1. Cα axis of helix 83-92 to longest principal axis of the chain: angle in degrees, 0 to 90, nearest 10?
2. How big is the Kirkwood radius of the chain, worked out from every pair of different alpha carbons and given in Å to one decimal?
3. Report, by chain and number, residues whose modeled amide H sits under 5 Å from the one on residue 165, excluding near sequence neighbours (fewer than 5 apart, same chain).
4. Go through segment 175-207 and name the trypsin sites (Lys or Arg not before Pro) that are in a DSSP coil and have 13 or fewer other Cβ atoms within 10 Å of their Cβ.
5. Return the subset of 7/370; 103/169; 370/416; 118/370; 118/230 for which the Cα-Cα distance in this structure is over 27 Å, preserving the input order.
6. Could you list which residues have their amide H under 5 Å from that of residue 393, counting only those 5 or more apart in sequence or on another chain, with H placed in the peptide plane?
7. What is the distance in Å between the Cα centroid of segment 19-69 and that of segment 121-143?
8. Not counting ligands, DNA or RNA, and with a 1.4 Å probe, what is residue 370's accessible surface area in Å² rounded to the nearest 10?
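The values are calculated or read from the model by the stated rules, or taken from the named source; none is laboratory data. It should be emphasised that the depicted structure is a prediction, and the values quoted were computed from it without experimental measurement. Neighbour counts run over all protein chains shown; Cβ positions are idealised from the backbone, glycine included. We work out accessible area using only protein heavy atoms, side chains counted, and drop any ligands, DNA or RNA first. Shrake-Rupley method; radii C 1.70, N 1.55, O 1.52, S 1.80 Å.
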Amino acid sequence: MSFQAPKGTFDWLPPRSERALAVRETLVAPARRAGYGYVETPTFEDTALFVRGVGESTDVVSKEMYTFTDKGGRSITLRPEGTAPVVRAVLQHGLHNGQLPVKLWYSGSQFRYERAQKGRYRHFWQVGAEALGAEDPALDAELILLAADGYAGLGLTGVRLLLNTLGCKECRPGYRAALQEFLRALDLDEPTRARIEINPLRVLDDKRPEVQAQLAGAPLVVDHLCEACKAYHEEVRSLLTASGVAFSDDPRLVRGLDYYTRTTFEFVHDGLGSQSAVGGGGRYDGLSEMIGGPALPSVGWALGVDRTVLAMEAEGLFEEGSAGERVQVYGVPLGEEARRRMFLLVTELRRAGLGADMSFGGKGVKGAMKGADRSGARYALILGERDLAAQAVQLKDLTTAEQTEVPLAEVADILKGKFS
Ligand code: AMP
């Protein structure tokens, strides 16, 4: 029997794994430039944090959590999302008692027991940014801009921004009641009817055509907003417009986690089939209180790294071959003594800051040169017995096949010059 990665998971292997690393870095670069600091929370938390923070009625909590009892009898859950842990960390360490907003970013694995398909996994990667402790439409706009700039930094052109507001604790109850009244009159199955009572907004998100067909005349939150929410949302929209960020108003955009209030947004990509959301977020003014903290109005996002890589592949943004460049220089030693000397030379090159590898396993010249080609290196260093005697090495440009002899003592400097 041989083992396979568990269902709904996959391995990131080179060169794709390198792309994923670079994608993470590029996605969060704008947030780092805006003063967001790095936070790393544990991969698992007290189960109650998610039950209270994300909401018992959500699919994430009711069906998708990886929950187990540890050897000390505690109920532990592998994190399904990053926001509740970040808020927990802020409260635990009193960061909210200092300068506000607290601006943080994170990068990490998330775990959800979902129906696995392309773009939807049980273990996936998100990068996220959160600004805690300020109620200011400029902050919502800032975060949206930072995410949009992250996608733009990757060269993605097919990402669209959908924007909505979900109202606040003043106006949401009125809207909720109106929506429930509308939904109760529809022809829906039992589980959906139950959802109307617990989380009616989620019914709007039902993807089944027979449900969608009945939702055409559903009341929209935009028609139930209080004056404060209206003004707030207008300011967010106007700042986005002034910053040149294109968006579509999507009055039906609701999100899977319960904690969202006011601004909500999603970034979608049309090259991904049904799992089109590459990122999303919004304001979560009540989350801190839901997990026992003080009022701490906050806003944030999480961007899916796996799906962003898929979107980049759909747009053909990874040049074939380019990511195959593992090193800059590759050593081809011929003979026992040359191998020892090459080992030292490669070490010297690496310490000098060059990407260097060499042939291992006692290969002959043909096999070793094949290794050089596969490594993506620009130069091969060929070291034979005659070279050793002359304290020299053959420097071969693998793109032109031009070969020159250089003294061993100078090779690091010469190569550094070529790559500077
Ligand atoms: P959410 O935390 O549900 O708001 O998701 C934010 C982003 O994470 C989504 O837009 C997706 O890009 C990504 N994401 C969420 N769930 C999954 C999953 N099961 N597999 C892969 N990516 C996911």
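1. It works out to around 90 degrees.
2. Details: mean 1/r = 0.0405 Å⁻¹.
The Cα-based Kirkwood calculation yields 24.7 Å.
3. Amide H neighbours of residue 165, under 5 Å, 5+ apart: 264.
4. Those that pass, being in a loop and sparsely packed, are 207.
5. 7/370; 118/370; 118/230
6. Hits under the 5 Å cutoff: 406, 408.
7. 11
8. It works out to around 120 Å².
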